[in-house]
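Comments concern the structure below.
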Amino acid sequence: MKSSHGTVRQLADALQRQAVDAGTSTPSIRGADWRLATVQTVNAGGTVVTTDGITVRRLETYTLPLVGDVIAITQSSSGNWLALGRLSSGDPGWTTPTLGTGYIQGNTSTQGNNNGPIRYRKINWQGSWWMEWDGGATRATGAQTSNILSAALSADLRPAARASFVIARNATSISGVSLSTSVVHSLKVDFDSDGTVQLISAAAGATETNWLSLKGIRYPLD
């Protein structure tokens, strides 16, 4: 009887160990430490509400939350939820806009000082959204300067306040300016909150620029 009782205990112990092992290795049994969720509502107090009704507090690094964000969330043993942050949706890709009248997109051989075409993308850098520009264009004499693009940028691509930069242009002496021996290599461009991209100093004296470059420009969108 003792031997039989010992065998039963050994069998029970073995089954218990198997159950523990199964629970440890099977997510559906043990439960996950974190999971994915989709944002349905963005609250003002630093929280978001997921599509399945969970109110989650954002970490400081999860900035500019948007409805539709796919996020990683985790729950403490006391029941509090945290949003770890937005998951990457992959390379945002570049957009090549149509330029305004009098401008020709750059390329790598004959236009825009071979800077390639003007293009832009919206990127997330250190938790904030930024606009990044690349490429150049050739400009015809007398071309309008109120917007080098054929249409204003959409609202989500505009800076909160004007962003001004000094950009490269073709080198020229300042003809028409008395006693000037200077050579100009740059001009000013404004990215305005109305979505326009405006050349401010397209001419040096009487000489207008015939190419410009936006390569490397980056400004925050918040």
Subject >> Full-extension gain in nm, Leu87 to Asn107, via 0.36 nm per residue minus C-alpha separation >> reply: 3.8 nm
**OP:** Would you mind computing, in nm to one decimal, how far apart the modelled labels at Val183 and Ser154 are, each placed 7 Å from Cα along Cα→Cβ?
**Re:** 4.3
**OP:** Evaluate the relative contact order of the range 31-89 (contact order divided by residue number), counting alpha-carbon pairs under 8 angstrom at least 6 apart; express in whole percent.
**Re:** 34
Original post:
Which of the peptides 93-99, 183-189 is most tightly packed, and how do the rest follow, going by the mean number of other Cβ atoms within 10 Å of each residue?
Top reply: 183-189, 93-99
Original post:
Gln40 versus Ile123, label points 7 Å from Cα toward the beta carbon: distance in nm?
Top reply: 3.5
Subject >> Asp222-Phe165 FRET efficiency (beta carbon distance; Förster radius 22 Å; 0.05 resolution) >> reply: 0.75
**OP:** Evaluate E = 1/(1 + (r/R0)^6) for Thr63 and Thr98, where r is the Cβ-Cβ distance and R0 equals 35 Å; express this FRET efficiency to the nearest 0.05.
**Re:** 0.65
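Read the figures in this text as sums done on the coordinates, not as results from a lab. Note that the structure is predicted; figures quoted are calculated from it, not measured. FYI the Cβ positions are ideal-geometry reconstructions off the backbone, even for glycines, and counts take in every protein chain you see.
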